[in-house]
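What follows is a single structure, written as structure tokens, with notes after it.
The values are calculated or read from the model by the stated rules, or taken from the named source; none is laboratory data. Since we're looking at a predicted model, the values are computed, not measured. Backbone-built Cβ (ideal geometry, glycine too); neighbour counts: all protein chains shown.
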Amino acid sequence: MTDPSRAAGPQTAGHPADPLAPSAITRMLRHVRLIRAGKVPWVAGGMLLLLVFCALFADLIMPWDPTALNLGKALKPPIWQDGSVSGHLLGTDNLGRDILSRIIQGAQVTLEVGLYAIVLSGGIGALMGMLSAYFGGVVDAVIMRLVDIQMSIPSIALALVLAAALSPGMSTVIVVIVLSYWTWYARIVRGEVLSLRERDFVKLARVAGCSTPVILWRHILPNVVNTLLVLASLQLGSVIIFEATLSFLGLGVQSPQMSWGLMLNDARPYMTRAWWPITLPGIAIMIVCLAANVFGDWMRDTLDPKRRQL
Amino acid sequence: MKKFACAVAGAASLLLCAGTQAAEPATGSLTIAQAAESTMLDVTRAAAGVDWYILGNINEQLLQPDPTLEVKNWLAEKWELTEVDGLPVIEIWLRKGVKFHHGGELTSSDMAFAHKRLANPDVSKWPHYQAKVDHIEIIDDHHFKIIFKEPDGTFIPGAGLMRLYGISEAYYTSHSEEEIQQRPDGTGPWKLVDRKVKEEFVLEAHDDYWNQEHRPGVKNLTIKIIPEDITRVAALQTGAVDWIDAVPPAMIEDVKKMDGIATTARPSGNNLFMSLPQYLDKLPGRNDNPFKDVRVRRAAALAVDMEGIIEHVLFGQAQRYTTTTPGSAAYDASVEPYPYDPQKAKQLMTEAGYANGFDVNCYNLITPREPNVKEYGEAFYAYLGQVGIRCKLIGEEYAPWLARNNRSREPQNDGILTHMWGHGVVADPGTPWSGHMHCYAPGEGWGSYSHYCDPEMDAMVKEQATVMDPADRIPLLKRIGKKKYEDVAGGITTYVPLVTFAWREDKVDYKPWPWMGFWRKLQEIGIKH
Amino acid sequence: MNADPQAKAGQPVLKVDDLRTHIFLKRGTVQAVDGVSFHVNAGETLGLVGESGSGKSMTSLSILRLTPKPGARTVSGRIEIDGINVLDLDEETMVRDIRGKLVSMISQDPMTSLNPVFSIGDQVGAAFRYHDLVQGRSAIREAVVNVLRRVRIPSPERRLDDFPHQYSGGMRQRVVSAMAIACSPKLMIADEPTSNLDVTIQVQIIRLLREIQKETGVGLIFITHDMGVAANICDRVAVMYAGRIVEIGDVETIFANPSHPYTQGLLDSIPHLGRRRERLYSIPGNPPDMQNPPSGCRFAARCPHVMDKCRSEYPPETTVAPGHMAACWLVGKSG
Amino acid sequence: MLNYLIKRILQGVISIIGASAIIFAISRLDDPTLLLLPIDATPEMVENLRQRLGLDLPIVQQYLIFLGNALQGDFGNSYRWEQPALQLILDRLPATLELAFAGLVFALALAIPFGVLSAVYRDSWFDNFAKLFAMLGQAMPNFWVGLLLILFVSVNLGWLPAFGREGFDSLIMPAIALGWYPVAAMTRMLRSTMLDVLDSDHVRMARAIGVPNRVVVWKYALRNAAVPLVTMLGIYFANMLSGAFVVEVIFAWPGMGRMVVEAMFARDFPLLQVGVLFSAILFVVVNLLVDLSYGVLDPRIRHD
């Protein structure tokens, strides 16, 4: 029989994973699809650009003055329906104001709230995340407790209490959004920085005598920006819906300022008589949110593939 | 003060209890839906207007208006206003045989107890309405006198209509505040049997209710709370409910077209007006005071096409008023509302020296209490803009609006303000006028939210507060009303919203009754046989 | 190319004839299994040996028709198990009559081949439950206890409801074996069952497989990259390289007279306690790109005896001795 | 397992107390008394009411009194209803829980089949349809979905009742409006975990011993893939709670959410506080339950 000693060869120590092993193949297949999915979502990007364009050049492209009342032309249907009034592509609301112009004007509030909210909550969240991860110990415990407390209050409830205290308006909406979302950034940035902190280049910087703010600013932040971008793009969609919900409840933007959520709230009393004032602004919200989410997913897949379930 | 025997009222009351034979008790059940929910069910602690919706069915007063808005003796069989050594005294003979829901009969001591409770600031939100009563002298179980410290013009025809409710001293003293709030007691046509907050009230007809002439025609009544307009109308359409309150203005056309549905409209009890601030020059950073000049005030009144707003914005669910609402003591049909005349308005503006207009803040009230108030405000302020009164529109929700309104609060109001205060149906404008037409006199309780000031008007408003006898009071109120309108005093009176009720014609027999400024008293609702 | 000689008297349980399984990727097709033929008799153990990437795992999956969808697919060839060509069968029949019943598999890594969130009893029971050989919960439980005892799991009735993470690596491989033999299949494929175990456990598993084979007379395909292990358990060995069988024969012949340079390379890289050697020998270079395999012999690039002929033309499968075949020009010439 | 539990409960308690402090502080920024008195209230009456409600004390003292009473279950009386605020909320809690639960069930009823089937038939037309349908849900505000449902389903078609809480069919539309939002995230997560599990050795092993495909997918693979989904249930439930505030207002659902919204408009701070605090407590408790449920689903955690 063969030499029993042969069986004791070390070759059995872990051998390189068989590239043609079944699970490796399918992982290769799926990876391939990810790259193919990597094509830039032009449609979504286009929609977001349209939103920015409407917001910036609202005054130029609006066919009518959004606040101009004309009781004679109240509740006229969109152009493709009989009984419509020329010039009002998407019809008029109960005070005879042009719905298309108001939607364009509404884009301004949507974009403004979106940008403020993302920049502020991102900034504050990232800062808190970095501080708690970098310093650890008591700082970390305090900030994390604050995050827990913050997360245990449902965002709408927080909005209600705040709107009761400060009078409703754009600033209240932004404060509420920032208070609700900063924890999101803080937690994820903390995770990133915890791993970054152990990396050599950070240790070297500390040894080289860099002050903490310099380390945080020049060494740690650039590595976190990538994640922040992904988080911001994912947050845009939900911020738009959140602002619309607050305005709908009457806590958000107050007339004469225009917001899509407010338009929906105004359209409620007569929604059985006129379907378009209650439907069209909602479609505007849906399109922009869909675009934001698709864009967000694309950003996440390309910039940060391993963080797939973010 | 001549002795005034209320002959007319007395005779009418005899008619009321003519039908003495006990009609057989009502049977069957109905389900209705209301948009707003009463919160406080103890009549002595009620605060918000919406509380009167349910209380109007449970409690009653000495005098009450009937559907034709004529004040009838109710719990009081007969009453006399006399004067004893210079002080007014109201002598009242209680109706006999008025039973409480939880047993026991209404007596003078109950009324005295009601007064004590209503005057106690820890209980009642309106202690100042009882302030001028010195004490109540009980003569026998069904006969007592109200002795006044000083004349109180608004006590009799006021919002309270002899501001006392028939409550049982025995019940109130033997139950805790929570129990009373859960199971209130009274002499009214309905008894509260059950209640699920935010869902429904369950009422039962009060079998031995004293007024057999006007009483419910159904045994059980469930009042569902459906705040969402669309769902409330859908509930009526699908037959889930038999009667609904507050048909949304935008859907009235559709509801009227539904077969088997009857509707009727009544004033909602809130009087809307636009108050024009006349102390702008006293505010920091402002030197002109345009609304001090009556021509600017008239220009503002002429600048707005109220008829157009009522038709388009309020879907016809409103009626204009000048001094007070029809049925109120000082109603004067002869005073015509301001027409829509922008040319004359511009001319008046130029005469007053404001040819190219001026800028002013315009606070637009946002409230669910009356439909489309926000849209009305936006339309109103847009019209002002066309005659040069350029509005900076600022939306304001009810709570901050209240604070801006109140003159004792800083920062002072610095702009035109949508204003809403119910003179109430059949109500006497005495209280509201002393609150918003008398100059603001901190500490004296006058003009607590007045943005208008005119010494001559002050004198007239003070005088009406002391005139109790309706015969003298009514002509005085009419004189005040005429001057108010010509001088656009206390703001531009715009409209009184109408509220529309709708019910299944084949099943429900319904006649609206007024109470405490609202038409939600379900005195006569029943099943059609 | 049916040059597979009859080696043993036992009835052939499996006959694979010119099997080709390719993987279709966006950037091209990988010919993982490129014309493989062999047979396995009842009671015999055939070793499938080769470096990683030689296609041995893909061959075993093709037999069970479990090639990973949608990429890989068997394009041609015959696979006869007990006389039935599985490539003709529809999926339902494969599930009901073939997989687990006629042929079963023991996979490589015991840590991942058991479902972490289900109990051992449930997973082993599955083999019985879905071939309705045994009806009713208690009967299944009884059958599971017996088969676990057969694979030498201590006091199985008490450990039935435990979970995989409560078993050691060796124990888990025994459970997997139990699942494989539950419905007493005719053919069993063991895909590197011992690679992830330490040496002492390895020997136990090999001894277990041999006992099972002796008891049930099952045909066994033993896939490994380690000639030492193959020598221990296999009756015959097929050496695979770049998707093809380059040498096949009974184990004594292969070890005594390796005829294909690749087989010689594999044997040379086994370190011998006795032999004095400074560095361990390992075959230079690495396996070819299977997307466009080189013309001629695929081992040419790494073969110490390479000739021009090898690069231009693929050598025929020449019979070195009865039951011993090698596909190499050297064999042909020296006779 | 036990000390992990105690640590989590402690964390939960700290979170709730912290939340109550924040809510209490914010709600004391504005003075509600004007709203509770008739329009012609004199300053003296305002002052009297402030005293009665204890609003004139320094804020820290007010909070300590509040906390003291709260520990004995007295959360103060609602200004408007003049009833214990706690009782008002507790009566409404079951309705909100029922709605949030129904929303979650609806979300799972969509997400599980979508997630599994889009993994099994990946890149098929179904995969894309499921992704689009789920993303639509994430792009539409739940109140808008509710309004359109009422408009089309109950007003025009008259199939479902549009209000109140009478039995099952009044629960369908609110659950749809509430539950559609998280479907996208759930589907995406379940699809990616299913893809991993379907590749795993133990699934191949199960197939190799002849387990039918539907059992492999819906029993053996799904339970593995569900574990990460369960970990997110806590957050999705909070999502439901937030959404419930709005959906209840539209469907006249007698839940805690609607009462808190109305309490806000009426500046009824005690009621507002208890409502918001209770939603925080609910959130912490649910998260705790979800943590415990790991063990049930994933035995590896139960034993260590």
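Could you say which residue among C:LEU14, C:LEU19, C:LEU87 is away from chain D (no Cβ under 14 Å) and closer than 19 Å to C:GLU317 by Cα?
On the way: C:LEU14 fails: closer than 19 Å to C:GLU317 by Cα; C:LEU87 fails: closer than 19 Å to C:GLU317 by Cα.
After applying the criteria, what remains is C:LEU19.
Residue check: B:ALA379 meets all listed conditions (1) within 19 Å of B:ARG286 (Cα to Cα); (2) within 14 Å of another protein chain (Cβ to nearest Cβ); (3) of a type outside the set (Phe, Trp, Tyr) but one, namely (1).
Look at C:ALA238 and say whether it is within 22 Å of C:VAL33 (Cα to Cα), touching a residue at least 24 places away in the same chain (Cβ under 8 Å) and not in a loop (DSSP other than H, G, I, E, B).
On the way: within 22 Å of C:VAL33 (Cα to Cα): yes; touching a residue at least 24 places away in the same chain (Cβ under 8 Å): yes; not in a loop (DSSP other than H, G, I, E, B): yes.
Yes, satisfied.
Under 19 Å from D:LEU178 (Cβ atoms) and surrounded by fewer than 20 Cβ atoms within 10 Å (Cβ to Cβ), is that true of D:PHE106? No. One residue alone among B:LEU417, B:LEU393 is within 14 Å of chain A (Cβ to nearest Cβ), more than 18 Å from the chain's Cα centre (by Cα) and within 23 Å of B:ALA300 (Cβ to Cβ), and that residue is B:LEU393. List every residue pair whose Cβ atoms lie under 8 Å apart, where the two residues are 6 or more positions apart in sequence or sit on different chains, the first residue falls within the range B:262-285 and is under 25 Å from B:ALA299 (Cα atoms), and the second residue, located anywhere, is part of a strand (DSSP E or B) and small (Gly, Ala, Ser). These pairs meet every condition: B:PRO277/B:GLY415.
Inside the range D:1-13, can you point out the residues that are farther than 23 Å from A:LEU160 by Cβ and assigned to a helix (DSSP H, G or I)?
Taking the range D:1-13 first, the residues farther than 23 Å from A:LEU160 by Cβ are D:1-11, D:13.
Within the range D:1-13, D:LEU2, D:ASN3, D:TYR4, D:LEU5, D:ILE6, D:LYS7, D:ARG8, D:ILE9, D:LEU10, D:GLN11, D:VAL13 qualify.
Answer with yes or no whether D:PRO270 is more than 14 Å from chain C (Cβ to nearest Cβ), within 30 Å of D:ILE23 (Cβ to Cβ) and more than 19 Å from the chain's Cα centre (by Cα). Working first, answer last.
On the way: more than 14 Å from chain C (Cβ to nearest Cβ): yes; within 30 Å of D:ILE23 (Cβ to Cβ): yes; more than 19 Å from the chain's Cα centre (by Cα): yes.
So D:PRO270 fits the description; yes.
All told, B:LEU203 meets the bar of being touching a strand residue (DSSP E or B) at 6+ places or on another chain (Cβ under 7 Å), hydrophobic (A, V, I, L, M, F, W, C), surrounded by 16 or more Cβ atoms within 10 Å (Cβ to Cβ) and closer than 30 Å to D:GLN87 by Cα. A search for C-beta distances below 7 Å between a residue of the range A:289-310 that is of a type in the set (S, T, N, Q) and any residue that is at pLDDT 75 or above and outside any loop (DSSP other than H, G, I, E, B), counting only pairs 6+ apart in sequence or on different chains, returns A:ASN293/A:GLY237; A:ASN293/D:MET135; A:ASN293/D:GLN138; A:ASN293/D:ALA139; A:GLN309/D:MET189; A:GLN309/D:SER192. Just to be sure I understand, how many residues within the range B:50-87 are within 14 Å of chain D (Cβ to nearest Cβ) and touching a strand residue (DSSP E or B) at 6+ places or on another chain (Cβ under 7 Å)? Of the residues in the range B:50-87, 2 are within 14 Å of chain D (Cβ to nearest Cβ) and touching a strand residue (DSSP E or B) at 6+ places or on another chain (Cβ under 7 Å).
Among the residues of the range C:283-297, those that are more than 15 Å from C:TYR314 (Cα to Cα) and surrounded by 11 or more Cβ atoms within 10 Å (Cβ to Cβ) comprise C:ILE283, C:ASN286, C:PRO287, C:ASP289, C:MET290, C:GLN291. Within the range A:277-296, being surrounded by fewer than 21 Cβ atoms within 10 Å (Cβ to Cβ) and farther than 17 Å from A:LEU50 by Cβ holds for one residue alone: A:THR279. The residues in the range A:130-170 that are facing chain D (nearest Cβ under 8 Å), of a type in the set (Val, Ile, Thr) and surrounded by fewer than 23 Cβ atoms within 10 Å (Cβ to Cβ) can be counted, and the count is 1.
Within the range A:29-41, is even one residue modelled with pLDDT under 85, farther than 30 Å from C:SER54 by Cα and under 19 Å from the mean Cα position of the chain (by Cα)? Yes, the range A:29-41 contains a residue that is modelled with pLDDT under 85, farther than 30 Å from C:SER54 by Cα and under 19 Å from the mean Cα position of the chain (by Cα). Would the range A:73-90 turn up any residue that is away from chain B (no Cβ under 14 Å), touching a residue at least 40 places away in the same chain (Cβ under 8 Å) and within 18 Å of A:ILE285 (Cα to Cα)? Yes, some residue in the range A:73-90 is away from chain B (no Cβ under 14 Å), touching a residue at least 40 places away in the same chain (Cβ under 8 Å) and within 18 Å of A:ILE285 (Cα to Cα).
Counting the residues of the range B:247-259 that are more than 8 Å from chain A (Cβ to nearest Cβ) and either surrounded by 22 or more Cβ atoms within 10 Å (Cβ to Cβ) or of a type in the set (Ser, Thr, Tyr) (or both) gives 1. Looking only at the range A:258-276, filter to residues that are in a helix (DSSP H, G or I), under 24 Å from the mean Cα position of the chain (by Cα) and aliphatic (A, V, I, L, M); which one of those is surrounded by the most Cβ atoms within 10 Å (Cβ to Cβ)? Restricting to residues being in a helix (DSSP H, G or I), under 24 Å from the mean Cα position of the chain (by Cα) and aliphatic (A, V, I, L, M), the top hit is A:MET263.
Yes or no: A:ILE177 without any contact (Cβ under 8 Å) to a residue 60 or more places away in the chain, within 14 Å of chain D (Cβ to nearest Cβ) and at negative phi? No. In this structure, does B:ILE90 turn out to be within 14 Å of chain D (Cβ to nearest Cβ) and in a strand (DSSP E or B)? So B:ILE90 does not fit the description; no. Listed here are the helices (runs of 4 or more DSSP H) enclosed by the range A:80-173 that have at least 3 residues being of a type in the set (Phe, Trp, Tyr) and out of contact with any Cys (no Cβ under 6 Å at 6 or more places or on another chain): A:99-135. Collect the residues in the range A:220-257 that are within 14 Å of chain B (Cβ to nearest Cβ) and surrounded by fewer than 23 Cβ atoms within 10 Å (Cβ to Cβ), keeping them in residue-number order. Passing the criteria: A:LEU249, A:GLY250, A:SER255, A:PRO256, A:GLN257. The condition (being surrounded by fewer than 17 Cβ atoms within 10 Å (Cβ to Cβ) and touching a residue at least 60 places away in the same chain (Cβ under 8 Å)) is satisfied by just one residue among A:LEU216, A:LEU194: A:LEU194.
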